[in-house]
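Since the structure comes first, as structure tokens, the remarks are kept for the end.
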Amino acid sequence: MADTIKSEYYYGMGRRKTAVARVRLFPNGDGSVTVNGKNAQLYFGQDSLTTVITAPLRLLELASAYNMTVRVVGGGVSGQAGAIRHGVARALVRINPEWKATLRKAGFLTRDPRMKERKKPGLKRARKAPQYTKR
């Protein structure tokens, strides 16, 4: 009978705008990042967004110590990258609570509350009013 393939991982959920990311960090890894079944470079297509998602790991100098698998839904690519960064930071705090102060100071543990403002009745967009005519 083969050994059960159950590897231990650390979990963190991150949110940004309407994006929700569920992050799993696997110890003793090589630094690979998989987002929704694809390589992070292929999924995002921009180097700037892949640096955003690995920022907490680079801050703690753990870039190649963990493998990461992510399931992310909702929002756009920028919001998804921010949600992943938030989830990675939360998972790192579960690994070692002493890292919490460093991650908090860098702003990675703070949930970014900025959301799209709703459209109001009588206006064209959230704040843009129809053009005023005097006569």
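Derivation of every value follows stated rules applied to the coordinates shown; laboratory data play no part. As the structure is a prediction and not an experimental result, all values here were calculated from the model. Counting neighbours? That spans all protein chains shown, and the Cβs are built from the backbone with ideal geometry, glycine included.
Within region 34-52, the set of residues being within 15 Å of residue 73 (Cα to Cα) and in contact with a Phe, Trp or Tyr (Cβ under 8 Å, 6 or more places away or on another chain) comprises 35, 36. Report yes if some residue within region 43-50 is of a type in the set (Phe, Trp, Tyr) and surrounded by 18 or more Cβ atoms within 10 Å (Cβ to Cβ); otherwise report no. Yes, because at least one residue in region 43-50 is of a type in the set (Phe, Trp, Tyr) and surrounded by 18 or more Cβ atoms within 10 Å (Cβ to Cβ).
Screening 122, 31, 75, 87 for residues that are touching a Phe, Trp or Tyr at 6+ places or on another chain (Cβ under 9 Å) and in a loop (DSSP other than H, G, I, E, B) leaves exactly one candidate, 31. Across region 80-100, the number of residues qualifying as more than 16 Å from residue 62 (Cβ to Cβ) and out of contact with any Leu (no Cβ under 6 Å at 6 or more places or on another chain) comes to 4. So for region 113-124 (the condition being of a type in the set (Lys, Arg), within 27 Å of the chain's Cα centre (by Cα) and within 19 Å of residue 10 (Cα to Cα)), does at least one residue qualify? No, region 113-124 has no match at all. Checking 48, 64 one by one, the residue that is among the hydroxyl-bearing types (Ser, Thr, Tyr) and part of a loop (DSSP other than H, G, I, E, B) is 64 and no other. Could you tell me which numbered condition residue 75 fails, if it satisfies all but one of (1) surrounded by fewer than 23 Cβ atoms within 10 Å (Cβ to Cβ); (2) among the small types (Gly, Ala, Ser); (3) within 23 Å of residue 8 (Cβ to Cβ)? Of everything listed in (1) surrounded by fewer than 23 Cβ atoms within 10 Å (Cβ to Cβ); (2) among the small types (Gly, Ala, Ser); (3) within 23 Å of residue 8 (Cβ to Cβ), residue 75 misses just condition (3). On inspection, residue 102 qualifies as of a type outside the set (D, E, K, R) and touching a residue at least 24 places away in the same chain (Cβ under 8 Å).
One line per residue, one yes/no per condition, for (1) in contact with a strand residue (DSSP E or B) (Cβ under 8 Å, 6 or more places away or on another chain); (2) in contact (Cβ under 8 Å) with a residue 60 or more places away in the chain:
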residue	(1), (2)
11	yes, yes
16	no, yes
23	yes, yes
33	yes, no
44	yes, no
66	yes, no
71	yes, no
74	yes, no
